[in-house]
Amino acid sequence: MTTSASVPAPATVLVFLDPAFENGRIADSSAPQLMATDQGATRGDGVFESLLAVGGKPRKLQAHLSRLAGSARALELDIPAEDTWRRAIETAISEFRGHAVPAGSGAGGADEVVVKLLATRGVEGAATPTCWVQASQPPAAGRVQRETGIDVILLDRGYDSEVGERAPWLLLGAKTLSYAVNMAALRYAHHQGADDVIFTSADGRVLEGPTSTVLLAHLETSDDGAGGSRTVRRLITPQLDSGILPGTSQGALFTAAKAAGWELGYGPLVPNDLYDADAVWLISSIRLLAPVNHIDGKEIGTPELRRQLTAELNALYATID
């Protein structure tokens with residue numbers, strides 16, 4: 001294994017993808033590392049992924065690597081091959097678990113590590129991107145929101161639901177470093193006393209959260225044909241062609257839910273579909289499933305049903321590699 005010397009117990013581990021180091025170059029996160037002229041800093045010109053490692057094992061790694069590559073293609077950004085990223089990720093997780101935070105002491109309450117993959121267009125005038133992997137503790141708020149739920153508000157994103165196909169240069173289906181609007185939306189929600197946001201389109205469609213995918217559940221009881229009844233569980237998410245980012249967690253959960261007998265559906269969805277649902281969640285790779293308690297002040301389902309369905313889906317999600 002070829003890496004640079006380890007640095008003393010940082011809160012964050014940085015591993016740069018460097019041809020001179022087969023498994024990545026470990027850098028001191030307490031010292032400056034990015035050039036001031038790097039286009040990731042000056043223009044937000046780059047892509048990223050965030051994933052969770054549990055017990056030292058990154059979850060849904062292939063899905064994240066594939067989405068990173070797809071985002072890079074949308075930006076015409078040439079990034080290293082998957083194997084190079086995999087080696088750097090392994091180095092970052094190993095370094096973090098071995099030196100930064102003792103196993104089991106993460107804010108998530110388990111042996112969890114947040115792993116970010118970042119690639120920028122590099123220093124202005126250069127021909128190579130700047131790429132690195134970052135390992136750190138999960139935010140403490142994430143676990144709380146998984147357990148207690150969140151209140152959200154609906155915000156108009158300002159585009160109609162077909163703009164992604166009509167104007168691909170807006171990069172709506174790519175995970176880019178240009179997150180200023182998403183963060184502004186979250187700050188606005190916090191000022192309104194809410195925890196998070198669900199974006200809607202100018203033509204009234206439900207889209208996504210600033211850092212998450214929207215899921216909703218409907219339970220329907222029907223005649224089973226033998227004098228009894230059966231409950232149909234249906235899990236629904238907005239249409240992927242409406243200018244939203246394909247969710248890796250949503251995709252993995254859909255696969256597990258289908259195997260468990262859930263019916264699956266893709267929008268189009270409108271706000272009333274959220275209000276009428278038995279449960280709504282915002283799902284992401286780091287926070288995981290966050291049940292939505294209220295949308296614009298209106299309670300979604302009942303606390304008992306939210307807890308029941310969240311527990312059921314969490315159990316399914318725990319089976320995902």
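The values are calculated or read from the model by the stated rules, or taken from the named source; none is laboratory data. None of the values given here were measured: they were computed from a predicted structure. All Cβ positions, glycine included, derive from the backbone under ideal geometry; neighbour counts span all protein chains shown. The protein model used for the area step is the full one, side chains on, heavy atoms only, and it has no ligands, DNA or RNA in it. Shrake-Rupley method; radii C 1.70, N 1.55, O 1.52, S 1.80 Å.
How long are the semi-axes of the equivalent ellipsoid of the stretch 132-188, defined as square roots of 5 times the Cα gyration tensor eigenvalues? Whole Å, largest first.
They are 27, 19, 10 Å, listed from largest to smallest.
So what's the gap between the Cα centers of the stretch 128-154 and the stretch 243-287, to the nearest angstrom?
Cα centroid of the stretch 128-154 versus Cα centroid of the stretch 243-287: 19 Å apart.
Pull out a ≥ b ≥ c, the square roots of the eigenvalues of the alpha-carbon gyration tensor of the stretch 272-321, then state rounded if a/c is under 1.5, prolate if not and a/b is larger than b/c, and oblate in the remaining case.
prolate
In nanometres, what is the gap between the two model label sites at VAL54 and ALA11, each 7 Å from Cα along Cα-to-Cβ?
Here the answer is 2.6 nm between the modelled labels.
Have a look at SER94, SER161, SER212 and tell me which one the Gaussian network model of the chain (Cα, springs below 10 Å) gives the largest fluctuation.
Taking springs between Cα atoms under 10 Å, the residue moving most is SER94.
Take ASN314, project a point 7 Å from its Cα along the Cβ direction, then tell me which residues of the stretch 269-286 have their backbone nitrogen under 20 Å from it.
Flagged as within label range: 278-286.
Of all the accessible heavy-atom surface of the chain, with the other protein chains kept in place and a 1.4 Å probe, what percent is carbon and sulfur?
51
Quick check for you: with a 1.4 Å probe and neighbouring chains kept, what is the accessible area per residue of the chain, in Å²?
Result: 46 Å² of accessible area for each residue.
Rounded, prolate or oblate: which one fits the stretch 145-262, using the alpha carbon gyration tensor with axes a ≥ b ≥ c (rounded when a/c is under 1.5, else prolate when a/b beats b/c, else oblate)?
Taking the square roots of the gyration eigenvalues as a ≥ b ≥ c, the stretch 145-262 is prolate.
Report the FRET efficiency, 1/(1 + (r/R0)^6), for TYR188 and ALA126, where r is their Cβ-Cβ distance and R0 is 35 Å, rounded to 0.05.
0.45
With runs of 4+ DSSP H residues as the only contributors, calculate the mean residue ellipticity of the chain at 222 nm using -39,500 (n - 2.57) per run, divided by the residue total and rounded to the nearest 500.
So the helix-based figure for the chain works out to -8000 deg cm²/dmol.
Modelling each spin label as a point 7 Å along the Cα-to-Cβ direction, I'd like the THR255/SER178 distance in nm, to one decimal.
For THR255 paired with SER178, the spin-label model returns 3.1 nm.
Considering the Cα trace of the stretch 152-219, what is its radius of gyration and what is Dmax, both in angstroms?
12.6, 39
Provide the descending list of Cα extents for the chain along its principal axes, expressed in whole angstroms.
70, 44, 38
How long is the gain from GLU165 to VAL144 if the chain were fully straight, where each residue apart is worth 0.36 nm and the alpha carbon distance is subtracted?
Taking GLU165 through VAL144 to full extension adds about 3.8 nm, to one decimal.
Taking the Cα-to-Cβ direction at LEU219 and at ASP156 and moving 7 Å from each Cα, how far apart do the two end points lie in nm?
3.7
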